[in-house]
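Heads up, the thing below is written out as structure tokens.
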Amino acid sequence: MKIKIFTFCLFVMVFWGCANKLSMGYYSVLQKGYTFNANAPIVVIYDKNDLLSSGYVNAVVYGLQMQGFTSVYKEGDMPLSRAKNAVYMRVFRSIMPFPNVNYSFAAIDDGMLQSCYWYGSQFYCAPKANKTIALTGYSETLNYISTYHFTLDWYDLNIKKRVLYVDGSVNGKTCGYSMLFRDLISHTISRIDFTRPERYQYYSDLPYYWPCN
């Protein structure tokens, strides 16, 4: 009995753990041979008409500071002319159509006789007709897939080149998590490797108190 209870509890824990995770992605490309200077002045810029992105500028500034960059400012707090780097940030949601096609098949009588053969001098055919698989139905629905993104475009203003691009994403079920973009920014910036490009998927735990059915 104790073994059954333990097994059930283990199953519930595993199921609950899987249900309370976000499927996240990380992608980056960078200028080969470029060296990032942690002490160089950085200005985080954004589209002032983008109300969603505007609300997360401070989170980006804080995230870069936590990565060891000592002079990070948001646009307006420091003139762009005094900066060495400009980092353009954006958060957004993309929606893509995903068609789902269903086919129905059934075995039908094709009208042909089967099992015909010669026996001695006589030709025989069984009375049972052949069956064949045929398409009997078709339906199509259009679903939509939502993906949430946080992107960084890092420009060196001295050489006038983009030296780093980062795209962090959340795919699939989000459980209505209200801190989605905040956590996405934090996870993405903390994962930046300034020496090589990377691309991979990972999972992030939702808070234990956040329900996800």
Given R₀ = 45 Å, what would the calculated FRET efficiency be for ASN171 paired with CYS125, taking r from the Cβ atoms and rounding to 0.05?
0.20
Near the amide H of TYR34, under 5 Å away, which other amide H atoms are found, from residues 5 or more places off or on another chain, if H is placed in the peptide plane?
none
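How much length is gained on full extension from GLU140 to SER54, taking 0.36 nm per residue of separation minus their Cα-Cα distance? Walk me through the intermediate numbers first.
Values: separation 86, 0.36 × 86 = 30.96 nm, distance 3.96 nm.
Full extension of this stretch gives 27.0 nm more.
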Amide N of segment 151-176 lying under 11 Å from the label point, which is placed 7 angstrom from the Cα of TYR34 along Cα→Cβ:
153-166
Return the aspartates and glutamates within reach of LYS32: Cα separation strictly under 19 angstrom, same-chain partners fewer than 8 residues apart disregarded; answer none if there are no such residues.
ASP153, ASP156, ASP167, ASP193, GLU198
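Quick note: the coordinates plus some simple rules give every number you see, no bench work behind them. Remember, it's a predicted structure, so these values are computed and weren't measured experimentally. Glycine gets a Cβ as well: all are built from the backbone with ideal geometry, and neighbour counts include every protein chain shown.
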